[in-house]
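Asks: First the structure, which I've put down as structure tokens, then a few questions once you've had a look.
The values are calculated or read from the model by the stated rules, or taken from the named source; none is laboratory data. If you're wondering where the values come from, they're calculated on a predicted model, not measured in any experiment. Positions of Cβ are generated from backbone atoms using ideal geometry, with glycine treated the same way; all protein chains shown enter the neighbour counts.
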């Protein structure tokens, strides 16, 4: 079976209602919290992607029983101290930075050395941003070249609370510290640059000893040792990051409308909505609700007629960091020069995404000026590729967002595209192509 997709025609007009799978960030966090709870937790609409399956395999290696059927996943947690640390234990985070970094926070009290490995892409990402604060608690680490996987963690039975300033706006780093603090006597205090706050919201819903003070540019988080976590039955809202591709496809298509059902619209995650609205895209939230601390809604999108360039405020970056690749496609068709700065974090993802943004936009005939930390995009509202123009996308470290962004570009702007490594979507969004086919039909 071929591992590429060929796109020869732009998408036509459409008016559809779709559902996307459960939020990946929430799915992985639910797996970890449920493994620490005392008793049986159930989840519906859990994202069954490779990243989440890797999280399930990880807790099973730590002695936690899991049962999965078509409708739900059940985890039989053994309590906050319930992990079984066996000799010669290796945990494979595969492609998931969220799993790899968060679970280290839970392993800081391991009684035996544990090896953490990942795939080729994850093994190029910086893990010192997590090992450095976790070592302050008392855990010990050995990393490849002091920064990378594979690593070895050896926990401590005498963990000390810490004070830490998280400056990168990394929710993964912040969450890892929160998990470690849950195992530590005393008060751990984190001054954290703004980033997604799913871990804090779940802690509050579970009535764990955490307090959060929201300041303008950072959050002040205090965590005490956790004695017990209650079971967590959870219907995972749909993923805003997965929804982003269909939002942009609709915005760039003619005379089209789309409704995406039951999407997580956590304020720390909807930077893409704020940015696209500023650029002239019509996006509406319908049937808004709060569910176990998280906001969710149906999202309605209408084709945009006159897109405007944006000088994107850096304060919106953390809420859109996973969606910038597809946001850049909107900037490509906007009137004027769009400027995105302080986005070097894009190069710390599954691939150097800023470089790939430049490559994709260049293939579209769009001028860019790119640095290690910024990109200027010279928009062309009349962009329309010749049907004979051949574009090949490959060798991108199987970054799922590069694949999906390239496919949205092909459907939106024309040309003849061959996009390799379609199995890259299995890490986060296995049924992406099926939903694309539903929109096209």
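Asks: Under the condition of being outside any helix (DSSP H, G or I) and more than 13 Å from the chain's Cα centre (by Cα), which residue from the range 169-183 is modelled with the lowest pLDDT?
Replies: The selected residue is 169.
Asks: Only one of these is within 22 Å of the chain's Cα centre (by Cα), surrounded by fewer than 23 Cβ atoms within 10 Å (Cβ to Cβ) and assigned to a strand (DSSP E or B): 149, 201. Name it.
Replies: 149
This table checks each residue for (1) assigned to a loop (DSSP other than H, G, I, E, B); (2) out of contact with any strand residue (DSSP E or B) (no Cβ under 7 Å at 6 or more places or on another chain); (3) at pLDDT 95 or above; (4) closer than 18 Å to residue 16 by Cβ.
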residue	(1), (2), (3), (4)
242	no, yes, yes, yes
247	no, no, yes, yes
258	no, no, yes, yes
263	no, no, yes, yes
266	yes, no, yes, no
272	no, yes, yes, no
275	no, yes, yes, no
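Asks: Something else: Of the numbered conditions (1) in contact with a helix residue (DSSP H, G or I) (Cβ under 7 Å, 6 or more places away or on another chain); (2) crowded, with 17+ Cβ neighbours inside 10 Å; (3) touching a residue at least 60 places away in the same chain (Cβ under 8 Å), residue 299 satisfies every one except a single condition; which is it?
Replies: Only one criterion in (1) in contact with a helix residue (DSSP H, G or I) (Cβ under 7 Å, 6 or more places away or on another chain); (2) crowded, with 17+ Cβ neighbours inside 10 Å; (3) touching a residue at least 60 places away in the same chain (Cβ under 8 Å) is unmet by residue 299, namely (3).
Asks: Sort out which residues of the range 11-29 are buried (at least 18 other Cβ atoms within 10 Å of the Cβ) and in contact with a strand residue (DSSP E or B) (Cβ under 9 Å, 6 or more places away or on another chain), and write them in order of number.
Replies: Matches in the range 11-29: 14, 20, 21, 22, 23, 25, 26, 27.
Asks: Another question about this same structure. Take the residues of the range 104-118 that are in a loop (DSSP other than H, G, I, E, B) and at pLDDT 95 or above: which is farthest from residue 92 (Cα to Cα)?
Replies: Per the stated criteria, the residue is 109.
Asks: Same structure again: Looking at (1) farther than 27 Å from residue 433 by Cβ; (2) not in a loop (DSSP other than H, G, I, E, B), which is the only condition residue 225 fails?
Replies: All conditions are met except number (2).
Asks: Among the residues of the range 277-296, which ones are in a helix (DSSP H, G or I) and free of Cβ contacts under 8 Å to residues at least 12 places away in the same chain?
Replies: 277
Asks: Taking residue 294 as meeting all but one of (1) on the phi > 0 side of the Ramachandran plot; (2) under 17 Å from the mean Cα position of the chain (by Cα), write down the number of the exception.
Replies: Residue 294 satisfies all of (1) on the phi > 0 side of the Ramachandran plot; (2) under 17 Å from the mean Cα position of the chain (by Cα) except (1).
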